[in-house]
């Protein structure tokens, strides 16, 4: 089973920080920052912190676990987190040095139903969770399990 960690990153302006992925000749798509959990990782939160540092150049403040997606091959742990600053220039990791992996650009976007409908961030299950919370006026922090 491949273990992954990802974050719904909320900025100081209560916006959403996503990664726009682009391959040559393909339509861009948006994803939540994160990646694989290394076998020697001391835990999921530590793995997420490392991934967020690599992909955003920033330091996350993790609120708690929002949701887990498991397709039998890959298990993705989605956390709610806040981020104060980020920088394209301070990102590290092999994906930024390999042109065959496409482009990864940080995008600070409004956390609104319209934005989620237009950008359709992947995976859809997490976008749907965010849409439901926005539609019902539910504070995202109430959905996160701080103990996990």
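Computed from the coordinates by the stated procedures, all read-outs in this text should not be read as laboratory data. Keep in mind that what you see is a predicted model, and the values were worked out from it rather than measured. Positions of Cβ are generated from backbone atoms using ideal geometry, with glycine treated the same way; all protein chains shown enter the neighbour counts.
Fraction of C-alpha pairs exceeding 22 angstrom in segment 19-105: 30 percent, rounded to a whole number. Using a cutoff of 8 angstrom between alpha carbon atoms and counting only pairs six or more residues apart, the relative contact order for segment 2-142 works out to 30 percent. Each 10 Å bin, from zero up to the one with the longest distance, holds this percent of the alpha carbon pairs of the chain: 11, 43, 38, 8, 0.
Peptides 39-46, 75-82 ranked from most to least packed give 75-82, 39-46, packing being the mean of other C-beta atoms within 10 angstrom over each peptide's residues. Counting 0.36 nm for each residue step from residue 90 to residue 124 and taking away their Cα separation leaves a gain of 9.4 nm.
Approximating the spin labels as points 7 Å out from Cα along Cα→Cβ, the residue 26-to-residue 68 distance works out to 2.8 nm. Computed over the chain, the per-residue total of -39500 (n - 2.57) for DSSP H runs of n ≥ 4 gives a 222 nm mean residue ellipticity of -6500 deg cm²/dmol, rounded to 500. The mean sequence separation of alpha-carbon pairs under 8 Å and at least six residues apart, normalised by the residue count of segment 29-90, gives a relative contact order of 29 percent. With the highest mean first, a sort of the peptides 105-113, 4-12, 61-69 on other beta-carbon atoms found within 10 angstrom per residue produces 4-12, 61-69, 105-113.
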